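To keep things clear, I will list the structure first and then write my remarks on it.
The values are calculated or read from the model by the stated rules, or taken from the named source; none is laboratory data. As the structure is a prediction and not an experimental result, all values here were calculated from the model. Cβ placement follows ideal geometry from the backbone for every residue including glycine, while neighbour counts extend to all protein chains displayed. Surface accessibility is based on the protein's heavy atoms, side chains included, excluding ligands, DNA and RNA. Shrake-Rupley method; radii C 1.70, N 1.55, O 1.52, S 1.80 Å.
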Amino acid sequence: MAESYAGKIRRKSLKKQHIVDVAAGRSPADLVLKNAVYLNVFSNELCRGDIAVAEGLIVGMGSYSGHLEYDMAGHIVLPGFIDSHIHLESALVSPAELCRALLPHGTTTVVTDPHEIANVMGTDGIDYMLQATEDLPMDVRFMLPSCVPATPLDEAGAVLDYRAIDPFYDHPRVQGLAEMMNYVGAVAADNQVLEKITAAQAHHKKIDGHAPGLAGMDLNAYVAAGVYSDHECYDMEDALNKLRLGQYIMIREGTAARNLDALVPLLTPQYADRCMFCSDDKHPSDLLEKGHIDYNCRRAIALGVDPIIAVKAATHNAARYYQLNNRGAIAPGYLADFAIIDSFESFQVQMVFKKGKLWYDGAVKPFDAPVIDQTLVNRAHDTFHLPKLKLEDFRDPRPRAVIGLVDGEIVTTDNGYATKVDLEQDILKIAVVERHKSTGHIGVGYIQGYGLKRGAVATSISHDSHNIILVGTNSRDMAFAANRVVENHGGIVVAENETVTAELPLEIAGIMTDQPLEQVNEALEQAKAAARAQGANPGIDPFMTLSFMALPVIPTLRLTTRGVIDVVTQRYV
């Protein structure tokens, strides 16, 4: 029998009574962090005292006793860290497994854009991720995919207009509309783009941006359309152009794009209130070796940033931006989300609490993965629909554009045209194969800077439509590698002489797996080693970089299922 409104108010009032009694010192707290040195994000100072918790909330600082007490002497208590923009799918593991990986780094809230899986499964992908993140010991908030596909010239597994995503705004964990990558459409006043922005505003939600290098009157138009933030800033000029027009700047430090060092000058009293940290895309090795938002803080402090400013960018600023008004601070009424570190200098996370419950103290406490509707599970494991590929599918003697790679970046250059593979000039064949609806579309071009000398590399991670993207020295190995990806229901394959030299199956929508992070990382690193043994450029991530070559919203040239496209003009070349 459903609880009545009066019954709900009565139950919550009793909890509130307990909160007030604990805060006033009339009742013992559920939890007390004794002798704490904690960061006050309002007064920008370190304060001292006990931190009392009741019903998952911070209720007071001062002198308290509780049923459960921890001595914080020698530690610094911080609000739990918030990643302001992440694609969970990019870690290659299930959301529950990613949660186990992020908790040791003090992350208690992430804001995710599920456009990777939505490009494969449409609204079923959004439902899948909402169910897969329900009641995890890390709060997962959602921004709804704005660009499925990324542009009208791309081919994804679905096409989502504002009507398709509109019902999701009623979900309590949905914060707004995710990165508006189609900035060309926004600036051109494309009706479908503006409908999505207008619908989000009608629900009083945030709209995030994605507009690398946009400036001048075009940037004015983009901001005027209603886009509030950007995570694609790569230098101070780009960032300040946007900040001066009122946009919030998400300082990104991910696997494919690392912008923190270039944007550190933003983390000063003049600009820092408009800045927050994000990771965007993080591969397993980065999570295991460097960390998450804690790494951003550690790196920023090492570069001379005031620790208080760094921590606020990791906590309070993101909470304010997304109107998550009960987190991002240590004060009465805020969630008892804590990241407890040893010092600002080494910035090593020692303990993590979520809503007053200890989830990490050197090891992650066990928890069960959420139950996902079996229909969605079955759908996620059957996302490849295309005939077997032949070497003739990749033979094309006509001149094709050459995509130029830039070490350490995901932007590209226009390197002219080629008619064949030329290993001496490091010109390889690249292709994108449509895999969702068996259209038979295969885009072919050339790429310079990848470095491969033998064989082929194929992956079903190709942002954002997640068709099969592959690069190779010969058509036979390219066909073999792509067919192996299909046999595995997705993933990464490195091949030579029609033999697999390394692979990582990704059976969930072709972009994730249920396997443990450490196991996935081991297979991924073996695949990287195999690609580099076959000549892949050590200055790039052979898979992450390749996956972005299919994203037709980042300058200059990209490859879709229909051919090479100039991103600036949105025309085929």
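Laid out as a table, the results:
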{"item": "Contacts under 7 angstrom Cβ, first residue in segment 409-424 being of a type in the set (D, E, K, R), partner not in a strand (DSSP E or B), 6 or more apart", "result": "D414/T556"}
{"item": "Residue count for segment 520-547, restricted to those that are open to solvent by 10 Å² or more (accessible area, probe 1.4 Å), at pLDDT below 95 and not in a loop (DSSP other than H, G, I, E, B)", "result": "1"}
{"item": "Exclusive hit being in contact with a Cys (Cβ under 9 Å, 6 or more places away or on another chain) and not aromatic (F, W, Y), set I86, I76", "result": "I86"}
{"item": "Wholly within segment 440-494, strands (runs of 3 or more DSSP E) carrying at least 3 residues that are under 25 Å from the mean Cα position of the chain (by Cα) and closer than 25 Å to H87 by Cβ", "result": "456-459, 468-472"}
{"item": "Checking A36 against (1) among the small types (G, A, S); (2) outside any strand (DSSP E or B); (3) within 35 Å of the chain's Cα centre (by Cα), the condition it does not meet", "result": "(2)"}
{"item": "One residue from V37, V20, V53, V93 being touching a Leu at 6+ places or on another chain (Cβ under 6 Å) and either open to solvent by 10 Å² or more (accessible area, probe 1.4 Å) or among the acidic types (D, E) (or both)", "result": "V37"}
{"item": "Hey, V493 buried (at least 23 other Cβ atoms within 10 Å of the Cβ), touching an Asp or Glu at 6+ places or on another chain (Cβ under 6 Å), at negative phi and not small (G, A, S) or not", "result": "yes"}
{"item": "Extreme residue, nearest to the chain's Cα centre (by Cα), among residues of segment 156-187 that are in a loop (DSSP other than H, G, I, E, B) and modelled with pLDDT under 95", "result": "M181"}
{"item": "Qualifying positions in segment 548-564 - touching a Lys or Arg at 6+ places or on another chain (Cβ under 7 Å), at pLDDT below 95 and surrounded by 24 or more Cβ atoms within 10 Å (Cβ to Cβ)", "result": "P552"}
{"item": "Test result for T107, without any contact (Cβ under 8 Å) to a residue 40 or more places away in the chain, within 30 Å of M276 (Cα to Cα) and of a type in the set (S, T, Y)", "result": "no"}
{"item": "Hits in segment 261-315 (condition: surrounded by fewer than 22 Cβ atoms within 10 Å (Cβ to Cβ) and of a type in the set (K, R))", "result": "R274, K290, R298, R299"}
